[in-house]
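S.K.: Questions regarding the structure given below will be posed in turn.
The values are calculated or read from the model by the stated rules, or taken from the named source; none is laboratory data. This one's a predicted model, so the numbers in the text were calculated from it and none came from an experiment. Methodologically, a virtual Cβ is constructed for each residue, glycine included, from the backbone with ideal geometry; neighbour enumeration extends over all protein chains shown. These area figures cover heavy atoms from the full protein model, side chains too; ligands, DNA and RNA do not enter into them. Shrake-Rupley method; radii C 1.70, N 1.55, O 1.52, S 1.80 Å.
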Amino acid sequence: MHSSVQLPAQALLLADAPAQLLPARELMAFTLASHIILVPMGVALPLITLIMHYRGLRGNDAVALLLARRWSAVMAVQFAVGVVTGTVLSFEFGLLWPGLMGRWGDVFGIGFGVEAWAFFLEAILIAIYLYGWRRLKPRTHFLLGLPLPVTALLGAFGIIAANSWMNTPQGFTLDAEGNPVDVDIWKAIFTPMFGPQYWHFVVAMFVTAGYVVAGVYAVGWLRGRRDRYHRLGFTVPFTVAAVFTPVQFVLGDSIARSVFHKQPVKFAAMEIVWKTDTHVPEYIFGRLHPDGTVSGGIKIPQLDSMLAGFKPSTKVTGLTSVPAADRPNATQATIAHWAFDIMVVLGSLLLLLALWYAWVSFRRRKEPEPRRLPQSRWFWRSAACAGVASVVAVECGWITTEVGRQPWIVYGNMRVAEAVTATRSTTLWIMFGLVVVVYVFIFGSFLALLLKMRTRWRLDDAAGGVGHLAGEPETDLPYGPRHGLQDAASPESVTRKGGPS
């Protein structure tokens, strides 16, 4: 009897949705999914680069310094592309969702302001850091780079503050017309979901960036490049990712528990729980139908209650605890559930890879450096795929967050349909097509530029400088003039001209 009422109600909701809602959501989803590919490198690559830089300075290690210099060039190119995609997203908030920004901008807009300041600071610091190679004293150059990770984290702070407010809005009261007044900025920033979301996001960025960078050198290793350049280029970022992976696993469990307490209907969508009950089973994948039945997947009795509250008697709120108009429909719940499960599965596989790496490194810690790394080709194949897997996991995390919140754009206060633009749907579809074309060109150019940089660096390694004379392509120092440009540029003269000592 209950399911027969739900079907017409959901059909009525879809019929009442404005025509421009679908293209607006698709456009926003595409641009966000594209931008988020770049975010891990923007947030975490500065720290990984500085770790390599510090290693080079501390040990007078030309290989480490060369890697840090090259990574800083990639960091700058990535930042430039991220500026474009991030700016598009900023415009879309105002163009596609005027209802959101018009009514609620004064409450949560501070997060975007913080992100804008961080963006400008990061642009300046990246420019100084790039300029400093071969122009500043080594210690001065390194110290000027130290604020870079802080500004990257500050940018993430602003964005997550805005998103966490949309999930658990607070810091305001509503007047008689439903408009927010008496805004408390601190409460609007530090919402109940801010802490769990922020740390889960930041650690995900370090895990993803570490595996992506290490994956490049893992591919080189599989192709027979076993020199120290590739060993070090793999070891530093992979170690960073491996250290953060178990931390992320704990944080993931923590944020899921926070969603259970603070957004029970979203949790019900993530776990496709239809009715509020105890002893609720866990479904690994599976599909929720409009009548509340689940098909496919793997059913594990009582596990969902145990995961939520550590005992089978834990009561889990179901989707039917709220009216159909206030919850994700069956399709949206299934999407959120699959995204959540894929994220968990990929995170578990990455954890196993990190443990494999840690075990081998511990067992071989007394052996020479080349023997400390795993020798199995399956490990290197897995490491080469880890970067892609972590990016997919990040994408799935955002799908879970955004789809699970439907139909709300401000949870419990404004629906997505209320916030959408009045622009004609045809115009939005045309805009969507143009954005896709532009983004294909942007990301194609980005990839082509990275490949061109890689080719140039390989030619430099093969043809020139100190490395060519010494038989090692990685020994050219980044500080001081290139050896090939000046006959007197011996290692000693490079040190006198400002190289590491």
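S.K.: Looking only at the range 225-248, how many residues end up being under 19 Å from the mean Cα position of the chain (by Cα) and surrounded by fewer than 20 Cβ atoms within 10 Å (Cβ to Cβ)?
M.R.: Going residue by residue through the range 225-248, those that are under 19 Å from the mean Cα position of the chain (by Cα) are 237-248.
With the extra rule that they be surrounded by fewer than 20 Cβ atoms within 10 Å (Cβ to Cβ), the set shrinks to 239, 243, 246-247.
Count: 4.
S.K.: Tally up the residues in the range 365-391 that are under 21 Å from the mean Cα position of the chain (by Cα) and surrounded by fewer than 15 Cβ atoms within 10 Å (Cβ to Cβ), please.
M.R.: 1
S.K.: Here's a follow-up. So if I check each of 156, 161, 127, 118, which one is open to solvent by less than 20 Å² (accessible area, probe 1.4 Å), free of Cβ contacts under 8 Å to residues at least 60 places away in the same chain, over 20 Å from residue 100 (Cα atoms) and not β-branched (Val, Ile, Thr)? If you could, list the steps in order and put the result at the bottom.
M.R.: On the way: 156 fails: free of Cβ contacts under 8 Å to residues at least 60 places away in the same chain; 161 fails: over 20 Å from residue 100 (Cα atoms); 127 fails: open to solvent by less than 20 Å² (accessible area, probe 1.4 Å).
None of the other options fit; the residue is 118.
S.K.: Out of the residues in the range 176-201 meeting the condition of being under 17 Å from residue 400 (Cα atoms) and touching a residue at least 40 places away in the same chain (Cβ under 8 Å), tell me which one is surrounded by the fewest Cβ atoms within 10 Å (Cβ to Cβ). Lay out the reasoning, then the answer.
M.R.: Kept after step one, since they are under 17 Å from residue 400 (Cα atoms), are these residues of the range 176-201: 193-194, 196-201.
Applying the additional criterion that residues be touching a residue at least 40 places away in the same chain (Cβ under 8 Å) yields 193, 196-201.
Details: 193: 24, 196: 20, 197: 24, 198: 21, 199: 16, 200: 22, 201: 24.
The extreme case among them is 199.
S.K.: Still on this structure: Within the range 67-101, take every residue that is closer than 21 Å to residue 231 by Cα and touching a Leu at 6+ places or on another chain (Cβ under 8 Å) and give me the one that is surrounded by the fewest Cβ atoms within 10 Å (Cβ to Cβ).
M.R.: Only one residue fits best here, namely 73.
S.K.: Hey, any hits in the range 409-420 for a residue that's part of a helix (DSSP H, G or I), open to solvent by 30 Å² or more (accessible area, probe 1.4 Å), on the phi < 0 side of the Ramachandran plot and touching a Leu at 6+ places or on another chain (Cβ under 6 Å)? Steps first, please.
M.R.: So the first thing to find is which residues in the range 409-420 are part of a helix (DSSP H, G or I), and the list is 416-419.
Then drop every residue that is not open to solvent by 30 Å² or more (accessible area, probe 1.4 Å), which leaves 417-418.
Those still in the list that are on the phi < 0 side of the Ramachandran plot too: 417-418.
Filter once more, so that each one left must be touching a Leu at 6+ places or on another chain (Cβ under 6 Å): 417.
Checked the range 409-420: at least one residue is part of a helix (DSSP H, G or I), open to solvent by 30 Å² or more (accessible area, probe 1.4 Å), on the phi < 0 side of the Ramachandran plot and touching a Leu at 6+ places or on another chain (Cβ under 6 Å).
S.K.: In the range 295-330, what count of residues is obtained for those that are in a helix (DSSP H, G or I), closer than 21 Å to residue 278 by Cβ and more than 27 Å from the chain's Cα centre (by Cα)? Working first, answer last.
M.R.: The initial filter retains those residues of the range 295-330 that are in a helix (DSSP H, G or I), namely 303-309, 319-321, 324-326, 330.
Then drop every residue that is not closer than 21 Å to residue 278 by Cβ, which leaves 303-309, 319-321.
Restricting the remaining residues to those that are more than 27 Å from the chain's Cα centre (by Cα) gives 303, 305-306, 309, 319-321.
Qualifying residue count for the region: 7.
S.K.: Going by what's in this entry, would residue 135 be described as within 30 Å of residue 57 (Cβ to Cβ), free of Cβ contacts under 8 Å to residues at least 60 places away in the same chain and charged (D, E, K, R)? First the steps, then the outcome.
M.R.: Values: within 30 Å of residue 57 (Cβ to Cβ): yes; free of Cβ contacts under 8 Å to residues at least 60 places away in the same chain: yes; charged (D, E, K, R): yes.
Considered against the rule, which asks whether it is within 30 Å of residue 57 (Cβ to Cβ), free of Cβ contacts under 8 Å to residues at least 60 places away in the same chain and charged (D, E, K, R), residue 135 comes out as yes.
S.K.: Could you please find all residues in the range 249-296 being among the hydroxyl-bearing types (Ser, Thr, Tyr) and open to solvent by 30 Å² or more (accessible area, probe 1.4 Å)? Before the answer, list the steps.
M.R.: Within the range 249-296, the subset among the hydroxyl-bearing types (Ser, Thr, Tyr) is 254, 258, 276, 278, 283, 293, 295.
Across the range 249-296, the qualifying residues are 254, 276, 278, 283, 293, 295.
S.K.: Just to be sure before I move on: is residue 434 free of Cβ contacts under 8 Å to residues at least 60 places away in the same chain and closer than 18 Å to residue 249 by Cα in the structure I sent?
M.R.: Numbers: free of Cβ contacts under 8 Å to residues at least 60 places away in the same chain: yes; closer than 18 Å to residue 249 by Cα: no.
So residue 434 does not fit the description; no.
S.K.: Kindly check whether there is at least one residue in the range 204-224 that is open to solvent by 30 Å² or more (accessible area, probe 1.4 Å), closer than 30 Å to residue 61 by Cα, in a loop (DSSP other than H, G, I, E, B) and free of Cβ contacts under 8 Å to residues at least 40 places away in the same chain. Working first, answer last.
M.R.: Restricting attention to the range 204-224, the residues satisfying the condition of being open to solvent by 30 Å² or more (accessible area, probe 1.4 Å) are 212, 216, 219, 222-224.
In the following step, the residues that additionally are closer than 30 Å to residue 61 by Cα were identified as 212, 216, 219, 222-224.
Cutting the leftovers down to in a loop (DSSP other than H, G, I, E, B) gives us 223-224.
Those still in the list that are free of Cβ contacts under 8 Å to residues at least 40 places away in the same chain too: 223-224.
Yes, that holds for at least one residue.
S.K.: Yes or no: residue 149 at pLDDT 85 or above and in a loop (DSSP other than H, G, I, E, B)?
M.R.: Values: at pLDDT 85 or above: yes; in a loop (DSSP other than H, G, I, E, B): no.
When the stated conditions are applied, residue 149 does not pass them.
S.K.: Hey, another quick one. List the residue pairs whose Cβ atoms are under 8 Å apart, where the first residue sits in the range 267-288 and is touching a residue at least 40 places away in the same chain (Cβ under 8 Å), the second is among the acidic types (Asp, Glu) and assigned to a loop (DSSP other than H, G, I, E, B), and the two are 6 or more positions apart or on different chains.
M.R.: What qualifies is 283/271.
S.K.: I would also like to ask the following. What is the one condition in (1) within 23 Å of residue 104 (Cβ to Cβ); (2) modelled with pLDDT of 90 or more; (3) not hydroxyl-bearing (Ser, Thr, Tyr) that residue 213 does not satisfy?
M.R.: (1)
S.K.: Residues in the range 331-343: is at least one within 30 Å of residue 225 (Cα to Cα) and either at pLDDT 90 or above or within 25 Å of the chain's Cα centre (by Cα) (or both)? Break it down stepwise before answering.
M.R.: At the first step, the residues of the range 331-343 found to be within 30 Å of residue 225 (Cα to Cα) are none.
Among the residues of the range 331-343, not one is within 30 Å of residue 225 (Cα to Cα) and either at pLDDT 90 or above or within 25 Å of the chain's Cα centre (by Cα) (or both), which makes the answer no.
S.K.: Working carefully through the options 304, 326, find the one that is charged (D, E, K, R) and either in contact (Cβ under 8 Å) with a residue 40 or more places away in the chain or touching a Lys or Arg at 6+ places or on another chain (Cβ under 7 Å) (or both).
M.R.: Working: 304 fails: either in contact (Cβ under 8 Å) with a residue 40 or more places away in the chain or touching a Lys or Arg at 6+ places or on another chain (Cβ under 7 Å) (or both).
After ruling out the rest, the residue left standing is 326.
S.K.: Same structure again: Could you count how many residues in the range 326-342 are out of contact with any Leu (no Cβ under 6 Å at 6 or more places or on another chain), hydrophobic (A, V, I, L, M, F, W, C) and open to solvent by less than 40 Å² (accessible area, probe 1.4 Å)? First the steps, then the outcome.
M.R.: Narrowing the range 326-342 to residues out of contact with any Leu (no Cβ under 6 Å at 6 or more places or on another chain): 326, 328-329, 331-332, 335-342.
Add one more test, that the residue is hydrophobic (A, V, I, L, M, F, W, C), and what stays is 335-336, 338-340, 342.
If we keep only those that are open to solvent by less than 40 Å² (accessible area, probe 1.4 Å) as well, we get 336, 339-340.
Counting residues in the range 326-342 that are out of contact with any Leu (no Cβ under 6 Å at 6 or more places or on another chain), hydrophobic (A, V, I, L, M, F, W, C) and open to solvent by less than 40 Å² (accessible area, probe 1.4 Å) gives 3.
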